[in-house]
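Before any comments, here is the structure.
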Amino acid sequence: MSSQLSQPETQLDNAIWYLGIDFGTTGVSAVLLNQVTGQQYPIYWRHEVLLVNPQFATASSSEAVFRLPAVTYSGPAASQLFVQPPVTSVVVGSLASTLAKKPGIYLQNFKPYLKIGVPYYCQERHEWEPILQLPGEQQLSLYWVRRALQAILTTLTPSSTLPDTPLKVGAVDLTAEVLAAALAQLEGVVLGCPANWGDTYQINLREAVLEAKLVKEAQQVFFLEDAIATILTTLPRIGTGGEMHSFSNLTPCPGSMLAINAGATTTELVLADLPDQLEQLTYKNFYLHSWSYGGHGIDQDIFWQLLYPQLSREQLQQLSLSEDLELPLPGQSDQPKRDRASSQLQSSPFGQALLRASGYLKLILQHKAEFTLQLGAERWTVKRQDFEAKVLVPFIEQFNRELNALLIETGISGQLINRIVCMGGTTAFSNLQKWLQQKLPNTTLILEADLPQGSSVAAGLAALPLYPQVLNRAQQQYSDYFLLLELLRAFANPTEEPADRLYSIEEIMQHLERRGLNASACYQRLILLIEGRLPPGLVPSVDYGSWLSPASCENLHYCQAKAAGLFSQEGDRLYRPNPEQHERLHQYMDALLSSMYQTFEEPLIVNLEAAHL
């Protein structure tokens, strides 16, 4: 993982630094980029703690890791762990896992929660909303979940490079002093996101970045779809100073390329139409598709399809599952059913143990024809052929449907795809690899193991400033929340026109353009808002009902915000403003904004081209 620079410090006077952060469901990785040279520096973490109570860890210094477990703990044990407790009082990474059974708040696999809604302080109830209903009857505000992410991101600040830091951060080929200087002057942070998770998730991540003080301005936080980052990790690194680094041993090949990013929560696909000249690569060269099924879904299906049918009556009583529980269909998102079933399964220690065991079985059954699982005095035998028939085959069938939908949507023939790049643990299944080669016989299959050491989604994210036109600029500049506020502002003040005036779409767009909005750049999203569809996550969806507390399900702001549309439609695409609903949404948005760094008063400026060099 060594870079080609023997003395990188000598070239840092004019460096422009960006940080790519891959925040996954199970772990976080990061790569630092010098945009001038195109050189990348993978980030690593090392626990260096002075222990008060040795039961919490086995050594005062641990091995460096390039992927930090996305787990946090906060509670009394956190202050007992260190002679000098961390300022945030939140323990992150593997040390947090050692405290999981201590009294306090232990969080893992919390990434999906951040797409449910935006935390805000409810003045009427004097508490943060929304409140999540976690497994085991624990209730926790979404604000605290975002604080957990903030604590993880804080490990990427200059203070984490100092001696005696509990969790010390380093970078390959950079001294602690140079790394601290780079982290102190980041030009921007690039974060990955699933293709269909929307602005609510991005807003929460941007807030966590700003709260962690990685950068100062909201416009310095950029988002790139995970699957596109998978493509970028295979492309050359051409710095703005003219230097070139081929971080991958793959020669760029013009034509159609498929990338698969299969994580714990989602499976992301992208078809890329690579031009002959890579500097001409833009966001329009990518066709994205995503669905909510990944490694955790396979773990759940192993339990429901292979272990659950073998449980005795006594064992079922230990799980305390509802009699009306509907099981998720194998291989499919089936999100409300899957979430409810998973929540009930994790509400008992026995269920948690069985779900963890299912994760181990997923690995073991790839190498053994049969395995007997033992938990205490309990034993269950599972066979690979059942695993393949009842879990993998449904997954591959669903994969086939999703890929076909992408091919039909784009009009691209599978015969024209010349490469498939796979990242993520789910792509390691030999059954999936064989099917891909049969489905797309003219392609070269490139697995994560085939890529050079250091190739990662984080590396692809960090490469965005080298391919700035790949950014979805309209989404970056004009979030759905900003567009909603512009509509509210455009029709906020009464005019001399009648209150019941009808407007055509063109007239509404003209109102917005007079305010300086480039309406044509986000026309389709504006239409959705005008026709009554709020930004996903502005009000938590009923699909996440099993994740919300009863009180949050009845939140008055949420009920009012979705009570009616901004406009009522009449005739042939004529719209009448709804003043009462405008006022309700104004009040709700004011409550959200009062708890945020982001203001949505102006479009975000995009400056990735290093034009000031």
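In table form, for the structure just shown:
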quantity: The chain - mean residue ellipticity at 222 nm from DSSP helices (-39,500 (n - 2.57) per run, n ≥ 4, rounded to 500); calculated: -9000 deg cm²/dmol
quantity: The chain: relative contact order in percent, alpha carbon pairs under 8 Å with at least 6 residues between; calculated: 16
quantity: Cβ-derived FRET efficiency at R0 41 Å, R356 paired with E48, nearest 0.05; calculated: 0.90
quantity: Sites L445 and T282, calculated FRET efficiency, Cβ-Cβ separation with R0 22 Å, nearest 0.05; calculated: 0.25
quantity: Reported label for calculated Cα extents along the principal axes in Å given (1) 89, 59, 53; (2) 79, 66, 60; (3) 88, 55, 52; calculated: (2)
quantity: Amide N proximity, the range 312-335 versus S348 label position 7 Å along Cα-to-Cβ, cut-off under 12 Å; calculated: 312-323
quantity: For the range 473-593, with +1 on Lys and Arg beta carbons and -1 on Asp and Glu, the positive-most of H511, A492, S541 along the dipole; calculated: S541
quantity: Reachable aspartates and glutamates, given that their alpha-carbon falls under 13 Å from the alpha-carbon of K383 and they are not under 8 places away in the same chain; calculated: E370
quantity: Within-14-Å neighbourhood charge of G376 [Cβ basis; K, R +1; D, E -1]; calculated: 0
quantity: Entries of K362/K562; K115/K284; K102/K362; K101/K562; K390/K562; K168/K368 with Cα pairs more than 32 Å apart; calculated: K362/K562; K101/K562; K390/K562; K168/K368
quantity: Net length gained if the chain between E554 and A184 were fully extended (0.36 nm per residue, minus Cα distance); calculated: 128.9 nm
quantity: Computed label-point distance, nm, for sites A389 and H126 using a 7 Å Cα→Cβ extension; calculated: 6.2
quantity: Label-point gap, in nm, between D572 and A492 - each point 7 angstrom along Cα→Cβ; calculated: 3.5
quantity: Environment charge at F387 (Cβ cut-off 14 Å; Lys +1, Arg +1, Asp -1, Glu -1); calculated: 0
quantity: Magnitude of the charge dipole, the chain, Cβ model with Lys/Arg +1 and Asp/Glu -1, debye to 20; calculated: 1460
quantity: Inter-label distance, nm, simple model (7 Å from Cα along the C-beta direction), A405/L502; calculated: 3.6
quantity: Residues whose placed amide H lies under 5 Å from that of V190, excluding near-sequence neighbours; calculated: L19, G20, I21, F222
quantity: Computed FRET value (nearest 0.05) for K337 with Q108, which takes r as the C-beta separation and R₀ as 30 Å; calculated: 0.85
quantity: Percent antiparallel among DSSP beta bridges (both partners in the chain, rounded to 5); calculated: 75
quantity: Neighbour net charge for F66 - beta-carbon separation under 15 angstrom, K R +1, D E -1; calculated: -1
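Read the figures in this text as sums done on the coordinates, not as results from a lab. These figures come from a predicted structure and were not determined experimentally. Glycine also receives a Cβ, built like all others from the backbone with ideal geometry; neighbour counts cover every protein chain displayed.
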